[in-house]
Amino acid sequence: MAKREKGKYELMARRFFNWVAGLAILLALWWLGGYLLYINPDTTNFADFGPGPTFSAYPHLWNDGTIPNAIQSSGYRLGVALLIAIACGVPLGILLGRIKLFRELSNSPFQLLRMVSPLSWEPIAVIVFLSWDQAIIFLLSIAAVWPVAFATAAGLAKVDPAWFKVSKNLGASKWHTLTQIILPAISFDIFTGIRAAIGVAWIVLVPAEFLGVTSGLGYSIADARETLSYDHLTAMVLVIGVIGYMLDSSAAFAIKKVSYHRGDTE
Amino acid sequence: MSIRGTNLKIENLTHRYTAKSPLTFEGINIEAEPGESVVIIGRSGCGKSTLLHMIAGLLHGYTGTLQLDGEDVMGTSPRWVMMFQAPHLFPWMTVERNVGIGLKFAGWPKDKIRERVAEAISLVHLDDYAKVNTQDLSGGQQQRVALARSLVMEPEMMLLDEPFSALDAFTRASLQHDVRAIAKQLGVNLVMVTHDIDEAVLMADRALVMAGSPGKIVHDLTIDLDDPRDREDEAVQDYRKQLMQIFEEASMPTREAVTV
């Protein structure tokens, strides 16, 4: 028992060490890049891309509200878009998984729509929606809905059909079957879809905020580029990376929590 | 737990899956009294599982009469529950949540569910496993959970579709004994299908031999033995031989047809 515990701690320590080491290697490469820019007279002006100027920019960017405001604006857009994607994607996935006719009819249009780059909807979204905010939320929603819907449908396809027979046999209504059987059975797949949706939406968010709006992480990067504030630009890029990483890790943690399959959590 | 059995009446029951498909079975007549254990025995494909699904209300499209206590079976009901070949437990739930799910569907209050679930778990000797996830149980223990999940509904009749066929010999013997003992203790009807002759002798008050295509009940053998039944007893062995002979004779035309 003690040996197993020891092995567990050793594994955790090794994983943590490698996690830190990976980041340290990235930081070293970044520093090296910054240094090479700095020592070359032709590129000295771009030396602010290096880690030193970037980290020095954070107090200013935080105190003048750039970072908190950008996070708040982008977070609002992403949050609303994800809620819309989940609210539409999960029922859509259940319909795809449960109703053969709907699956067959919707296959070609959905596959076609799925392959349209979300950003290519931008001109239409700008015309249709009253504000840029709404247009961006639409772009993020349309990017995020497909992973949720298809993961839900794939999860449903794996559900043991006998569970429906057993629950019917035990007197389950359609509502019971949905809430007590279907949703718990496919929660792992729904959250996997949500994780993929977060990734896609996060990638779409930044270019979507380059135009029209005057807030958000994408806008902050565009603004830093316009003002040639390379240290601010890199600082905001790093913020995007860190928040994206945190969002993805939170989704992975949620997947681990809802997974009931033995082995999924390893 | 207070359970009473039911009067099962099946008259001239005939079924086919679609208008163009051949008859699955025809002219089935079965009557069972409250608390009686009826085992339907037959080769694979004779329609015995279909018949059981029909009694459970999980399949429709029959002609004839299918009644429990004088009422037509129109669909599923907690009054008659089915145990399947595999336990089909919900793997995201603990033992007690699996057992109590039917009562939750029925809208029972939590404290009453807890009380009844504890009683059912105790009946199947799984008291120490109430909080355990069902994935951590052996096949036999999982089948016991499925049994408790059925018993907790206080059904008048339990329908068993070869529920022990995937278990090892020791677990199977222990469950055969326990299921019959519990059914007798509670007065619940058992209708079971199997292709295991030993199982039929050990569990049945009456063994119905089903054969042919479409399937028909070709023999109704009363098994008049005291409980508990031991497979090594001479009387059990005699019934086994008798049933084997009936079974072989009933299967003869099918076998010849296959040989030709």
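The figures follow:
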read-out: Where residue B:179 falls short, out of the listed (1) buried (at least 18 other Cβ atoms within 10 Å of the Cβ); (2) farther than 23 Å from residue B:50 by Cβ; value: (2)
read-out: Evaluation of residue B:90 against (1) in contact with a Ser or Thr (Cβ under 8 Å, 6 or more places away or on another chain); (2) assigned to a loop (DSSP other than H, G, I, E, B); (3) within 23 Å of residue B:172 (Cα to Cα); (4) more than 14 Å from chain A (Cβ to nearest Cβ) (one fails), failing number; value: (4)
read-out: Considering residues of segment A:21-77 that are among the hydrophobic types (A, V, I, L, M, F, W, C) and touching a His at 6+ places or on another chain (Cβ under 8 Å) only, the residue nearest to residue A:205 (Cα to Cα); value: A:61
read-out: Within segment B:185-247, strands (runs of 3 or more DSSP E) holding 2 or more residues that are of a type in the set (S, T, N, Q) and within 15 Å of the chain's Cα centre (by Cα); value: B:189-194
read-out: Criterion violated by residue A:110 - all others in (1) surrounded by fewer than 20 Cβ atoms within 10 Å (Cβ to Cβ); (2) touching a residue at least 40 places away in the same chain (Cβ under 8 Å) satisfied; value: (2)
read-out: Residue count, segment A:215-244 (criterion: of a type in the set (Val, Ile, Thr) and within 17 Å of residue A:46 (Cα to Cα)); value: 4
read-out: Single unsatisfied condition, residue B:250 versus (1) under 20 Å from the mean Cα position of the chain (by Cα); (2) within 24 Å of residue B:12 (Cα to Cα); value: (1)
read-out: Elements of type helices (runs of 4 or more DSSP H) in segment A:53-134, at least 3 residues being more than 28 Å from residue A:155 (Cα to Cα); value: A:66-98, A:122-128
read-out: Selection count, segment B:96-128, where residues are touching a residue at least 24 places away in the same chain (Cβ under 8 Å), more than 14 Å from every other protein chain (Cβ to nearest Cβ) and not in a loop (DSSP other than H, G, I, E, B); value: 4
read-out: Hits in segment B:135-154 (condition: crowded, with 19+ Cβ neighbours inside 10 Å and facing another protein chain (nearest Cβ under 10 Å)); value: B:146, B:149, B:150, B:152, B:153
read-out: Positions within segment A:46-64 being surrounded by fewer than 11 Cβ atoms within 10 Å (Cβ to Cβ) and either within 16 Å of residue A:237 (Cα to Cα) or touching a helix residue (DSSP H, G or I) at 6+ places or on another chain (Cβ under 8 Å) (or both), in sequence order; value: A:59
read-out: Every pair of residues 6+ apart whose Cβ atoms lie under 6 Å, when the first sits in segment B:58-74 and is within 14 Å of another protein chain (Cβ to nearest Cβ) while the second is surrounded by 11 or more Cβ atoms within 10 Å (Cβ to Cβ) and at pLDDT 85 or above; value: B:59/B:53; B:73/B:57; B:73/B:66
read-out: Helices (runs of 4 or more DSSP H) fully within segment A:146-265 counting 1 or more residues that are farther than 27 Å from residue A:122 by Cα and either more than 14 Å from every other protein chain (Cβ to nearest Cβ) or not hydrophobic (A, V, I, L, M, F, W, C) (or both); value: A:161-169, A:183-208, A:230-258
read-out: Some residue of segment A:175-196 being in contact with a strand residue (DSSP E or B) (Cβ under 9 Å, 6 or more places away or on another chain) and of a type outside the set (Val, Ile, Thr); value: no
read-out: Of all residues making up segment B:110-152, the number that are more than 24 Å from the chain's Cα centre (by Cα) and closer than 16 Å to residue B:92 by Cα; value: 6
read-out: Unique match (being surrounded by fewer than 13 Cβ atoms within 10 Å (Cβ to Cβ) and aliphatic (A, V, I, L, M)) among A:92, A:27; value: A:27
read-out: Any hit, segment B:191-204, residues being closer than 17 Å to residue B:152 by Cβ and either at pLDDT 90 or above or not acidic (Asp, Glu) (or both); value: no
read-out: In segment B:1-14, the residues that are over 17 Å from the mean Cα position of the chain (by Cα), at pLDDT 90 or above and either farther than 26 Å from residue B:78 by Cβ or not charged (D, E, K, R) (or both); value: B:12, B:13, B:14
read-out: Residues being surrounded by fewer than 16 Cβ atoms within 10 Å (Cβ to Cβ), of a type outside the set (S, T, N, Q) and over 23 Å from residue B:219 (Cα atoms) - total across segment B:1-21; value: 5
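The values are calculated or read from the model by the stated rules, or taken from the named source; none is laboratory data. All of these numbers come straight from a predicted model, not from anything done at the bench. Using ideal geometry, Cβ is built from the backbone for each residue, glycine included, and neighbour counts are taken over all protein chains shown.
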